[in-house]
1. Between I7 and D41, 0.36 nm times their residue separation minus their Cα-Cα distance comes to what?
2. Considering the options A62, M75, N29, tell which one lies farthest towards the positive end of the dipole of the chain, charges being +1 on Lys and Arg and -1 on Asp and Glu at the Cβ, about the Cα centre.
3. Using a 10 angstrom cutoff on alpha carbons, build the Gaussian network for the chain and name the most mobile of K51, K61, K37.
4. Any lysines with Cα under 25 Å of the K16 Cα? List them, leaving off those in the same chain fewer than 8 positions away.
5. Once the cut-off is 15 Å, how many percent of the Cα-Cα pairs in the chain end up in the long-distance tail?
6. For the chain, with only Lys/Arg (+1) and Asp/Glu (-1) charged at the beta-carbon, what is the dipole magnitude about the Cα centre, in debye rounded to 20?
Amino acid sequence: MAATTTICIDPNIKSKLDDLKAYKNESYNSVVERLIKMAYDEEPLTDEDIKGIEESLEDIKAGRVYSEEEAKRMMGIED
């Protein structure tokens with residue numbers, strides 16, 4: 001069931017919400033719901049994902065990187 005709440009927002013923010021409407025009569029609830037869905041990560045990174053990213057960043061900092069062309073040559077892939 002929907003609840004009714006009144007909030008105070010800056011006129012500039014209201015204008016931006018108006019600009020984000022998919023169609024003229026779209027409710028602010030729908031606009032805010034879309035923004036929340038975009039901002040909320042339904043599949044957060046796992047500890048394993050974070051560890052992999054950290055290892056990759058260490059490789060980059062240490063210069064252990066290859067260009068696309070180098071990687072293709074190493075794998076025997078030709079254009």
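Bear in mind these aren't lab numbers, they're just calculated from the coordinates by the rules spelled out. Because the structure is predicted, anything quoted here is derived from the model rather than measured. Methodologically, a virtual Cβ is constructed for each residue, glycine included, from the backbone with ideal geometry; neighbour enumeration extends over all protein chains shown.
1. 9.7 nm
2. Highest projection toward the positive end goes to N29.
3. Judging by the Gaussian network model, the answer is K61.
4. K24, K37
5. Every Cα pair in the chain considered, those over 15 Å come to 76 percent.
6. Using Cβ point charges on Lys, Arg, Asp and Glu, the chain gives about 680 debye.
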